[in-house]
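The values are calculated or read from the model by the stated rules, or taken from the named source; none is laboratory data. This structure is a prediction, so every number in the text was calculated from the model and none was measured. Counting neighbours? That spans all protein chains shown, and the Cβs are built from the backbone with ideal geometry, glycine included. Quick note on the areas: whole protein, heavy atoms, side chains included, nothing else; ligands and nucleic acids left out. Shrake-Rupley method; radii C 1.70, N 1.55, O 1.52, S 1.80 Å.
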Amino acid sequence: MATSIEPSSPAAAVAGQRLPSIIQGGMGAAVSSWRLASQVAQAGQLGVVSGTGLDTVLARRLQDGDQGGHMRRALAAFPVPEVAARAIDKFFLPEGREADEPYVLLPRLAVEQTRHSQEMAVLGNFVEVWLAKEGHHGTVGVNYLEKIQMATPAAAYGALLAGVDYVLMGAGLPREIPHLLDQLSQHTAVKFPVDVAGAEPGSYSVSLDPHDLLGVELPPLKRPRFLAIVSAHILAEYLARDEAIRPDGFVVEGPQAGGHNAPPRGKLVVDESGEPQFGPRDYADLAKVAAIGLPFWLAGTYGTPEGLVAAQATGAAGVQVGTLFALSSDAGFEPEIRKNLVSRVADGTLEVSTNLRASPTGFPFKVAPLDGSMSDPAEVEARPRLCDLGFLAVPFVHSNGTVGHRCPSEPQTPFARKGGKADDTEGRLCLCNSLMANVGLGQTRSTGYVEKPLITLGADLDGPKRLAALHPDGWTAREALDWLLTGSEA
Ligand SMILES: Cc1cc2nc3c(=O)[nH]c(=O)nc-3n(C[C@H](O)[C@H](O)[C@H](O)COP(=O)(O)O)c2cc1C
């Protein structure tokens with residue numbers, strides 16, 4: 001197996017850094033779990049945990065009895081034992097929940113945050129990164145979404161406390177992150193700007209004071225590298241121009257990538273099934289990205305041995321790969337879901353589409369059909385519409401000047417009462433609850449209703465199909481890496 005992370009291309013060599021040729025992409029929520037990232041990091045590449053909703057992930061794993069004791073092992077390493085103990089006291093159920101017992105919820109994200117919610121965000125991110133880094137010297141990153149601004153300071157601080165090596169952020173323009181990482185790595189109190197609908201930019205911020213929150217002599221922290229995930233060269237050029245917002249590199253993601261995509265540029269053209277059509281303008285000019293001189297990786301349809309070679313020929317340090325790893329047995333998808341997806345990839349019957357309405361963020365979202373999931377209109381009809389996790393809710397100013405939160409996936413009446421446009425709720429799905437269900441952490445309602453999954457994958461299934469031919473019973477992350485790096489199909 002190739003395990004080297006020696007400079008792999010001109011870009012890597014110019015930067016004089018040891019760079020991975022493969023980044024296992026962040027995949028929320030908890031699809032790129034600590035187990036997956038750990039396997040990739042141990043093999044010498046960059047393993048990335050998803051940083052989305054990790055406070056809820058931790059609270060739910062504790063309520064499910066902390067199978068294997070991993071949560072409590074990581075919490076025992078947290079630098080402030082009383083903070084870790086509070087989470088265990090509040091959420092840990094040694095025997096797990098009763099079958100029909102709903103999970104206890106955390107406070108929703110807010111501009112004004114309680115100590116409890118910040119502690120849980122710090123702990124959730126600490127635990128996931130700590131476990132991904134446990135027992136080896138490999139490189140681990142954490143992935144955040146720019147859209148989820150209110151969560152970012154406490155989440156990033158938890159990841160830094162666990163020694164995260166890279167922070168990656170997409171789904172928006174991450175101007176504020178280099179400065180945030182400079183501050184947090186010094187344990188400096190931060191005021192992180194948050195966009196609030198109806199308010200002037202810069203009017204609101206989320207505060208985090210590490211000393212006040214943890215109240216002790218804090219260990220020195222490493223400042224992780226920051227990679228911005230962008231869809232267009234102009235965004236990369238914009239971020240690179242100014243030292244204050246310049247990342248350490250880029251992931252350049254095309255419109256076939258899994259998860260959220262940038263909206264198509266120019267006039268929207270949809271086909272008969274309502275899918276947006278992407279054209280040449282939706283692909284970054286890679287020569288212009290290379291000319292910036294920072295290391296970059298290509299994502300979306302690059303998860304094959306030839307994709308890696310082609311990316312490096314453009315000057316990229318390598319590729320970021322999602323789908324191939326999402327379908328590996330080390331990723332967080334429920335085993336039954338993975339088996340179903342892998343068998344349909346193998347027989348060529350799985351087709352992924354781009355849904356313009358599903359995500360409350362308004363970004364196009366890739367959806368893989370799966371019986372019994374929210375890709376089925378009957379399941380959407382059957383779900384009592386509600387919003388109780390709120391990771392993707394947007395803060396807005398009420399007429400009385402207070403800040404509220406609304407999500408287009410909540411029921412129409414409260415959304416409209418909060419100033420949202422009723423039309424905007426049409427076709428929206430509750431990504432938060434479904435993504436938790438994808439990884440076995442779906443909510444059970446007091447009515448007996450159990451939240452259903454909603455699967456996202458990249459549209460290009462060539463790599464997974466070829467790997468499924470080699471490994472008909474499924475593959476591990478290491479097997480996927482082996483194949484990507486050596487091209488060996490033997
Ligand atoms: C299941 C899944 C979830 C994803 N979630 C995220 C995410 O939370 N944040 C993000 O930046 N990218 C996300 N992505 C995109 C991947 O990190 C990666 O860039 C992309 O999948 C690369 O394209 P590929 O699937 O063709 O390899 C996700 C992809 C998949 C397949």
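Couple of notes before you dig in:
- Of the listed residues D460, D388, the order by accessible area with a 1.4 Å probe, largest first, is D460, D388.
- Rounded FRET efficiency, nearest 0.05, which uses the C-beta distance separating L470 from A313 and R0 of 22 Å: 0.30
- Mean separation of Cα contacts under 8 Å, 6 or more apart, over the residue count of segment 366-490: relative contact order %: 23 percent
- Amide H within-cut-off set for A197, under 5 Å, with H built and near neighbours excluded: F396, V397
- Those aspartates and glutamates that a straight Cα-Cα span of less than 20 Å connects to K418, excepting residues fewer than 8 apart in one chain: E112, D195, E200, D388, E410, E426
- Scanning residues 5 or more positions from T456 or on other chains, those with amide H under 5 Å from its amide H are A368, with H placed 1.01 Å from N in the peptide plane.
- With DNA, RNA and ligands ignored, accessible area of I292 (1.4 Å probe; Å², nearest 10): 50 Å²
- Linear extension gain, A422 paired with R246, 0.36 nm per residue minus alpha-carbon span: 59.5 nm
- For segment 467-479, 3J(HN,Hα) per residue [Karplus equation, 6.51 cos²θ - 1.76 cosθ + 1.60, θ = phi - 60°, Hz, x = Gly/Pro]: 5, 5, 5, 7, 10, x, 8, x, 9, 8, 4, 5, 5
- Reach of K452 by Cα under 23 Å, taken over lysines that are not fewer than 8 positions away in the same chain: K339, K366
- The value of relative contact order for the chain, using C-alpha pairs under 8 Å at least six residues apart, is 17 percent.
- Cut-off 20 Å (backbone N to label point 7 Å along Cα→Cβ of N400), residues of segment 415-439: 415-420
- J(HN,Hα) series, segment 325-342, from Karplus relation 6.51 cos²θ - 1.76 cosθ + 1.60, nearest Hz, glycine and proline x: 7, 4, 8, 7, 6, 8, 7, x, 3, 3, x, 5, 5, 4, 4, 4, 5, 5
- Electrostatic dipole magnitude of the chain [Cβ: Lys, Arg +1; Asp, Glu -1; Cα centre; debye, to 20]: 580 debye
- Taking each DSSP H run with n ≥ 4 as -39500 (n - 2.57) and averaging over every residue of the chain yields -9500 deg cm²/dmol at 222 nm.
- Cα gyration tensor shape for the chain, rounded if a/c is under 1.5, else prolate or oblate: rounded
- Residue-count net charge about G96 - beta-carbon cut-off 15 Å; Lys, Arg +1, Asp, Glu -1: -2
- Theoretical FRET efficiency, 1/(1+(r/R0)^6), r = Cβ-Cβ of E275 and T114, R0 41 Å, to 0.05: 0.45
- Computed 3J(HN,Hα) for segment 157-170, one whole-Hz value per residue from the Karplus formula 6.51 cos²θ - 1.76 cosθ + 1.60 where θ = phi - 60°, is 5, x, 5, 5, 4, 8, x, 4, 8, 9, 10, 10, 9, x, glycine and proline marked x.
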